[in-house]
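Just so you know, all these numbers are worked out from the coordinates, no wet-lab data involved. Computed from a predicted structure; not experimentally measured. Every residue, glycine as well, gets a Cβ built from its backbone with ideal geometry; the counts of neighbours run over all protein chains shown.
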Amino acid sequence: MEIIIQPSNHHIATIAAESISDALKKNPNLVLGLATGSTPIALYKILVQKYKNRELDFSRVTTFNLDEYIGIPCHHPQSYHTFMAKHFFDHVNIPIENQHIPQNATGDFESYCEKYEKKIKDSGGIDIQILGIGTDGHIAFNETGSSLSSRTRPVTLSESTLKANAIHFNSDKSAVPEMAITMGVGTIMEAKQCILLASGKSKSEAIVNAVEGPITASVPASVLQMHPNTFIIIDEDAASALKEIDYYKRCYENRLKLLST
Ligand code: PGA
């Protein structure tokens, strides 16, 4: 795990965007795992700008989103379908048939989720998975107690997630759907690279638990300690509870030095 501590959310987004740009230039058929939430909005903005500047071409890219609410239609203003269209898909040239977001499948969830997993496998697997983190340490909608080898499935959102997401539903917690379809922790762990982004003091406890705590289903993000190619890109506030901040900063500086020689 590489911990990269930056002064602001803009710096976090810039580093993540550079990683994606470099990977896309090397591999036009890149498979991206995408996240929603407030954190990656700045990243999508930079990627859209790079596309508009003709620096990037997404025409052969395939994407898989982490999750979607159950119980609201895809066209609902707060659905993750709407989020992705607004912040990314409407502004770049990813073919619609290459964009995958879990659907509000009403019937057979088991076979729907199996098919979602199969589509990921058939695409060759996710090259770069973007992740946020919940204040409770969740990744995607894998809440506290999620099996660390869980797969795509329907889940019930925790109280802390319902509270955190109420802001998008006129601060009405009761309006937040209680369930969602999410990629599993095991699904996420199969991505070739994970990039977890976090900013703000409210994430500091989740970050210290994920990075320096024990690997436990109580903090699903802690499983990333076992992932061979994960970058945790965070701002000073999100990093503020880490014990080894100075060491992580030296590691990053030295890595940059190595890369520039
Ligand atoms: P946020 O959500 O980016 O809106 O903070 C992250 C998450 O809950 O995974």
* To do: List the relative contact order of the range 62-152 as a percent without decimals, with contacts defined as Cα pairs under 8 Å and 6+ residues apart.
  => 28 percent
* Convex hull over the Cα atoms of the range 100-197, averaged projected area in nm²? -> 6.5 nm²
* With all distinct Cα pairs included, what does the Kirkwood hydrodynamic radius of the chain come out to in Å, to one decimal, could you say? => 18.5 Å
* To do: Taking the dipole about the Cα centre of the chain, with the C-beta of Lys and Arg at +1 and of Asp and Glu at -1, give me whichever of Asn165, Pro73, Asn229 is farthest to the positive side.
  => Asn229
* Given 37 °C and 0.692 mPa s, how large is the Stokes-Einstein diffusion coefficient of the range 128-261 in µm²/s, with Rh as the Kirkwood radius over Cα pairs? -> 211 µm²/s
* Structure fact -> Rg (one decimal) and Dmax (whole number) from the Cα set of the range 117-173, in Å, equal 13.9, 40
* Just the number, please: percent antiparallel of the DSSP beta bridges in the chain, rounded to the nearest 5. => 30 percent
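Can you give me the relative contact order of the chain as a percent, contacts being Cα pairs under 8 Å and 6 or more apart?
Over the chain, the number comes to 25 percent.
In debye to the nearest 20, how big a dipole does the range 5-76 give about its Cα centre with +1 on each Lys and Arg Cβ and -1 on each Asp and Glu Cβ?
Dipole size: approximately 280 debye.
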* **Extension reserve of the Phe109-Ser8 stretch, reckoned as 0.36 nm per residue once the Cα distance is removed** => 32.4 nm
* Asked: Tell me, what HN-Hα J-couplings in whole Hz come from the Karplus equation 6.51 cos²θ - 1.76 cosθ + 1.60 at θ = phi - 60° for each residue of the range 167-181, using x for Gly and Pro?
  -> 4, 7, 10, 6, 6, 9, 4, 5, 8, 6, x, 7, 10, 8, 9
* To do: For the range 1-109, state the average projected area of the convex hull of the C-alpha atoms over all orientations, rounded to one decimal in nm².
  => 8.0 nm²
* To do: Only Lys, Arg, Asp and Glu count, each charged at its Cβ (+1, +1, -1, -1), so figure out the dipole size of the chain about its Cα centre, rounded to 20 debye.
  => 640 debye
* Structure fact -> Percent antiparallel among DSSP beta bridges confined to the range 113-261, rounded to 5, stands at 40 percent
* Calculated FRET value between Cys74 and Thr144, using beta carbons and R₀ = 41 Å, to 0.05 -> 0.90
* Determine the calculated [θ] at 222 nm for the chain from helices alone, applying -39500 (n - 2.57) to every DSSP H run no shorter than 4 residues and normalising by the residue count; nearest 500 deg cm²/dmol. => -10500 deg cm²/dmol
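Placing +1 at every Lys and Arg Cβ and -1 at every Asp and Glu Cβ, with all other atoms neutral, what dipole size does the range 158-252 have around its Cα centre, in debye to the nearest 20?
It comes to approximately 120 debye.
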* Between Phe64, His10, Ile101, whose Cα lies farthest towards the positive end of the dipole of the range 1-115 when Lys and Arg beta carbons carry +1 and Asp and Glu beta carbons carry -1, centred on the Cα centre? -> His10
* Along the charge dipole of the chain, Cβ charges K/R +1 and D/E -1, which of His91, Ser202, Ser147 sits furthest on the positive end? -> His91
